[in-house]
1. I'm told Ser468 meets every condition in (1) in contact (Cβ under 8 Å) with a residue 12 or more places away in the chain; (2) over 25 Å from Thr213 (Cβ atoms); (3) surrounded by fewer than 18 Cβ atoms within 10 Å (Cβ to Cβ) except one. Can you identify the failing condition by its number?
2. Which condition breaks for Val374 when tested against (1) in contact with a strand residue (DSSP E or B) (Cβ under 8 Å, 6 or more places away or on another chain); (2) over 27 Å from Tyr42 (Cα atoms); (3) without any contact (Cβ under 8 Å) to a residue 40 or more places away in the chain?
3. Looking at Asn297, Asn371, Asn333, can you tell me which residue is closer than 30 Å to Gln49 by Cβ, surrounded by fewer than 22 Cβ atoms within 10 Å (Cβ to Cβ) and more than 20 Å from the chain's Cα centre (by Cα)?
4. Any idea how many residues of region 448-473 are assigned to a helix (DSSP H, G or I) and on the phi > 0 side of the Ramachandran plot?
5. Go through Thr311, Thr258, Thr324, Thr276 for me and flag whichever is among the hydroxyl-bearing types (Ser, Thr, Tyr), more than 21 Å from Ile128 (Cβ to Cβ) and in contact with a Phe, Trp or Tyr (Cβ under 6 Å, 6 or more places away or on another chain).
6. So, in region 93-143, of the ones that are open to solvent by 80 Å² or more (accessible area, probe 1.4 Å) and touching a residue at least 40 places away in the same chain (Cβ under 8 Å), which residue ends up nearest to Phe69 (Cα to Cα)?
7. Among strands (runs of 3 or more DSSP E) lying entirely in region 235-321, which contain 1 or more residues that are modelled with pLDDT of 95 or more and of a type in the set (S, T, N, Q)?
8. Can you name every residue in region 303-314 that is open to solvent by 10 Å² or more (accessible area, probe 1.4 Å) and within 18 Å of Arg361 (Cβ to Cβ)?
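The values are calculated or read from the model by the stated rules, or taken from the named source; none is laboratory data. This structure is a prediction, so every number in the text was calculated from the model and none was measured. Here Cβ is always computed from backbone atoms with ideal geometry, including for glycine, and neighbour counts include all displayed protein chains. When the accessible area is computed, the model is the full protein with side chains, heavy atoms only, and any ligands, DNA or RNA have been set aside. Shrake-Rupley method; radii C 1.70, N 1.55, O 1.52, S 1.80 Å.
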Amino acid sequence: MSKKLTKRAEDYSKWYNELVVKADLAENSAVRGCMVIKPYGYAIWEKMQAELDRMFKETGHQNAYFPLFVPKSLFEAEEKNAEGFAKECAVVTHYRLQNDPDNPGKLRVDPEAKLEEELVVRPTSEAIIWNTYKGWIQSYRDLPLLINQWANVVRWEMRTRLFLRTAEFLWQEGHTAHATEAEAITEAELMNNVYSNFAENFMAIPVIKGLKTESERFAGAVETYCIEALMQDGKALQAGTSHFLGQNFAKAFDVKFTSKEGKQDYVWATSWGVSTRLMGALIMTHSDDHGLVLPPNLAPNQVVIVPIYKTDEQFDEVSEVANTIMSDLRARNISVKYDNRTTYRPGAKFAQHELQGVPLRIAIGPKDLENGTVELARRDTLTKEVVALDALTDVVEGLMTTIQDDLYKKAFDFRADHTTKVDTFEEFKDVLEKTGGFILAHWDGTNETEDKIKEITKATIRCIPEDSVEESGVCVFSGKPSNRRVLFAKAY
């Protein structure tokens, strides 16, 4: 199975596309630009959802659901937001089909069934949610309002890639309302920290937290906070964003509250979201030429047990021990699968679980039963060891943490090796061409320079890092004064 994968060094893009399909994560559908997320891929997304949902609730948020359709008049109420998404909108104009009189057995759109007002299929839900909040918020007692929605959104894309860019994708979007500017800014920063915590502790992906430049900000935001990750091909991937929206949406939808002092004021807002794009980040950060490599914290099956046998009697004996191992591991909250399919040989099972990135594989045969041992194989290092049965549960539990930490460290070291400080534009272009990765360079703060660098090199400012220190220098492109370095990279 894995032998058929294109090598990363040969064609990284092709490797990624093949891996998503061969590891049974997703496939293209009959609808152009839309994907089918297959059960194994969806199981990983469910693990992501569960952890994020827990984190949201622990920080005081509740889930709700809002309509898929947004009336055009509502959508265009916040001008910058509408302009930012206008070119990506799918729009419903009619509400009925009818038999086509010119083509028996075929249907056509009923020309008499035109909607009075077009409906935009949500590319994001600020408009419909803020229109709703107007009825929910009257007083300071109604604040803060902390709502999250798990949903699908549609952003019309012509060039698509599974998980990374599709016309329809799954995501969560948080929308909060606050009495003060300071509270809203604190919320936007808090949620960016939640995303960072999730990326690092569950996905094992080191991220850089920072602020987007004006031109890279979310349409309608005052500030956009983000986390940026580095993929193995040296390109950046934006893994999450959190926006401080000021009072822009409150003013557009007339959402006011009466303060403790009896004064009327507009509320302050945030929105924040991550999507199935995280699946792409997970695949590209850790996987290798043999297939997927999954961190234990997000693997649907953390351990798989493969029986080795020749007779039915041996199968029964091995199964008895396998079931005991399974019970012991599950008692420690370790997810385990016993692959007792009789339609596949052990070699084919090994290949499948390697391709699908199961962190640990246990093989047991008659000789192992005699010796009171099992063979334990790590997916991340492709190493094997023989472990005594009576020590197995403790060893596996320890390896869950070890593998998770090792994957993070490997990705962290890769990022460190592919982050370069440059002081001239020649250096900038040279590093971008030869090694890629993150580039820390001075920038003069103007949109003109940012646009020009992007036009010449295709690199964008990924963020102004949160931990960047003030240092005087000159912009790599214009030579004008600059007081800090920003993070550049080519990106997905």
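1. Here Ser468 clears every test but (2).
2. (3)
3. Of Asn297, Asn371, Asn333, the one residue that is closer than 30 Å to Gln49 by Cβ, surrounded by fewer than 22 Cβ atoms within 10 Å (Cβ to Cβ) and more than 20 Å from the chain's Cα centre (by Cα) is Asn333.
4. From region 448-473, those assigned to a helix (DSSP H, G or I) are 448-457; that's our starting set.
Pick out the ones that are also on the phi > 0 side of the Ramachandran plot and you get none.
Result for region 448-473: 0.
5. Just a single option satisfies the conditions, and that option is Thr276.
6. Among those that are open to solvent by 80 Å² or more (accessible area, probe 1.4 Å) and touching a residue at least 40 places away in the same chain (Cβ under 8 Å), it is Lys134.
7. 236-246, 256-258, 264-266, 268-275
8. To start, the set of residues in region 303-314 that are open to solvent by 10 Å² or more (accessible area, probe 1.4 Å) comprises 308-314.
Residues satisfying the conditions are Ile308, Tyr309.
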